[in-house]
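Any read-out appearing in this document is the output of simple, stated calculations on the displayed coordinates, not a laboratory observation. Since we're looking at a predicted model, the values are computed, not measured. Positions of Cβ are generated from backbone atoms using ideal geometry, with glycine treated the same way; all protein chains shown enter the neighbour counts.
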Amino acid sequence: MKLLQDRIRQDGQVLTETVLKVDTFLNHQVDPMLTMEIGKAFAQKAESAGVTKVLTIEASGIHFAMATAFTLGVPFLYAKKKKAVTLTEDLYTTEVFSFTRQESFQVSVSKRYLNAEDRVLIVDDFLATGDALLGLVEIVRQAGATLVGVGAVVEKSFQDGRAKLEAAGVEIHSLARIRSMSPETGVTFIEETLTENEEALV
Ligand code: 5GP
């Protein structure tokens, strides 16, 4: 998505070779116009898949799920992060390791809002190690629902998240795929450096 790539180049801050700060427009201060375009892009990709619910994880996936669900005309649902879950019988629950916080936490979704009839599109802000998204995939599995696919706003393709999701049989659609980045040279996207051979495979 060119609009997003241009914005990452312009306003993203590469803190280290693995961490990109985007909190002027994506996940602290939020650009609502860009967010709606992101939602439209995810919705367009899934428009014929019969999605009944969009699922994300709090907090930084919520506005993307909202924009996607609004475009599709379906509800969205966000998994809640909890330190200790006592009432497990009414919840789908799984453990997720946070790349940014370097600690594990539990995420839960109420059984009232997800069931075997649902066709679920998962979205989130980043695909890095894939743990957050795999946690959501596990919740969809626990519900017996059908997973239509996963949408990531920014994919750091040099980390192993995509490989893990693909190994789990999940279809992934990322709007900006970062091949590499560094504080000195900035961000390189996958599309920009495709050879003719690679392009023929896309
Ligand atoms: P994963 O589980 O795929 O490793 O990472 C999931 C979460 O970590 C994302 O939802 C995102 O909130 C956060 N995250 C991972 N990498 C980055 C990054 O480079 N920048 C920011 N701002 N957040 C990140």
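With charges only on Cβ, +1 for K and R and -1 for D and E, what is the dipole size of the chain about its Cα centre, in debye, rounded to 20? Let's see the in-between values first.
Numbers: 21 positive and 28 negative charges, 125 e Å.
Around 600 debye, computed over the chain.
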query = Across all directions of projection, what mean area in square nanometres is found for the Cα convex hull of region 107-200?
reply = 7.2 nm²
request  = Report, in degrees rounded to the nearest 10, the 0 to 90 angle that the Cα long axis of helix 131-143 makes with the longest principal axis of the chain.
outcome  = 30 degrees
Förster radius 35 Å - calculated FRET efficiency between Lys82 and Asp11 (Cβ-Cβ, nearest 0.05) = 0.60
task = Starting from 0 in steps of 10 Å, tell me what percent of the Cα-Cα pairs of region 2-201 lands in each bin.
result = 9, 36, 37, 16, 3, 0
query = For region 103-132 and region 12-35, what is the separation of their C-alpha centers, rounded to whole Å?
reply = 22 Å
ask   = What number, in percent, do you get for the relative contact order of the chain if the mean sequence gap of Cα pairs under 8 Å and at least 6 apart is divided by its residue count?
value = 19 percent
remark   = Filtered hits (lysines, Cα-Cα < 19 Å from Lys164, offset >= 8 within chain) -> Lys156
Positive-end extreme of charge dipole, the chain - chosen from Val170, Val109, Val148 (charges on Cβ) = Val109
key: All aspartates and glutamates inside 20 Å of Lys2 as judged from Cα atoms, apart from same-chain residues fewer than 8 positions distant   = Asp11, Asp23, Asp31, Glu37, Asp124, Asp125, Glu155, Glu191, Glu192, Glu196, Glu198, Glu199
Structure-based [θ]222 nm, the chain - -39500 (n - 2.57) summed over DSSP H runs of at least 4, per residue, nearest 500 = -9000 deg cm²/dmol
inquiry  = If you fit an axis through the alpha-carbon atoms of helix 2-11 and take the longest principal axis of the Cα set of the chain, what angle between them do you get, 0 to 90°, nearest 10?
reply    = 70 degrees
message = Can you compute 3J(HN,Hα) from phi for each residue in region 59-69, using the Karplus curve 6.51 cos²θ - 1.76 cosθ + 1.60 with θ = phi - 60°, rounded to whole Hz and x for Gly and Pro?
response = 9, 7, x, 4, 5, 6, 5, 4, 5, 5, 5
Cβ-Cβ FRET estimate between Tyr113 and Glu184, R0 fixed at 45 Å, reported to 0.05 = 0.45
query = Excluding same-chain residues fewer than 8 positions from Lys111, which aspartates and glutamates have a Cα within less than 12 Å of its Cα?
reply = Glu89, Asp90
note = Counting only residues 5 or more apart in sequence or on a different chain, those whose built amide H sits under 5 Å from that of Phe126 are Val153, Val154
